[in-house]
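K.L.:
Shown below is the structure under consideration.
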Amino acid sequence: MSSDATAYFDRLRTHLHLGEDSDDDAIRELAAHVADETESLIQRGDAPERARRAAIDRLGRPRTLAHLLHQAQLTTPWRDVAFGSSAFALLALVIGLQGWRMPLVALTAAVIVVGITLYGLWLGRPSWFYPWAGVALTLPLAAGYLAFAVLHRELGNVGSGEATPLTLVGVSGAVLYFPVGLVVVAAAVVVAVRRDWLDASVLLSPLPGVLVLIVAVHRAGGLASAADPLPSASLMLSGLYLCMALATLLFLRAPVRQTRVVLLLGGAMALLAVATLVADPNGGMVTLSGRAALLLAFLLSPALVARHAMKGLGRRTTT
């Protein structure tokens, strides 16, 4: 084994922790893969050293590869499980305290979420990353409501010609925000789907509840309203996200992939129940069925995207 390969696999071993025998087996198989890939590149005309380097580079960062191997074997450590589920616990706390009415609380929570998400991205998206990234995606959703509030308040002034230059800048920024926010969310989902559609579904799971909360806040008069502070809605949604924290803990620790799918669907049904109680408790069966269909389609859309991508890849490889 070359010195480059030895150094790479030494770094990989420091992150694996699958068990001594499993670590040895994984590294042995990967070393054989690198050797086969190197030989294939040499036969295509690459210089031996360049071919070896390219074969190693295709494995990715050692830390990222270790996380992927952990995920493939569904051996998420308890430390990572607890850390991942704490993302929903934090969201439950902020909603329960009605943090949108306390700028300091909201800003502190946002800084924590963004900081941890960026740290997880730097680590190579470990198993706990996607719950935190999903909570981070609720921030563009909240910012979208702020942009909507600006448009709702200022468009009348723009139409009447009474808008100041500062107002025009604010309205322009609010209008531009929506396509930018949509691109950010779509890009995050696409990146997650490339790894595993279940990761992408976890990424999307916090969004419907926050959307329900935004609708409830708007119906109560908006962020600046002195009306009812929605204690019942905030408590129900806070309880929902505590349940999602528990479901995430079970999801990350589940040894069978089918169990993870069941937990995801169970969380979707709990979300549907709470959303119905908050948004429209008097809705009929048709309304409830429509919401259920939309929610399941939303959370399972990454599976459809992944399936379509695999079909496209299969067509390219056969042509």
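K.L.:
Ranking request for peptides 206-218, 104-116, 54-66: highest mean number of other beta-carbon atoms within 10 Å first, then the rest in descending order. Write down the numbers at each step before the final one.
P.N.:
On the way: 206-218: 20.3, 104-116: 15.0, 54-66: 16.9.
Ranked by mean Cβ neighbours within 10 Å, highest first: 206-218, 54-66, 104-116.
K.L.:
Of the accessible area of the range 70-145, with the probe set at 1.4 angstrom, what percent is carbon plus sulfur? Before the final figure, lay out the partial values.
P.N.:
Values: 2610 of 3360 Å².
The computed percentage sits at 78.
The values are calculated or read from the model by the stated rules, or taken from the named source; none is laboratory data. Quantities reported herein were computed from a predicted structural model and do not represent experimental measurements. Neighbour counts run over all protein chains shown; Cβ positions are idealised from the backbone, glycine included. Ligands, DNA and RNA are excluded from the accessible area calculation, which covers all protein heavy atoms including side chains. Shrake-Rupley method; radii C 1.70, N 1.55, O 1.52, S 1.80 Å.
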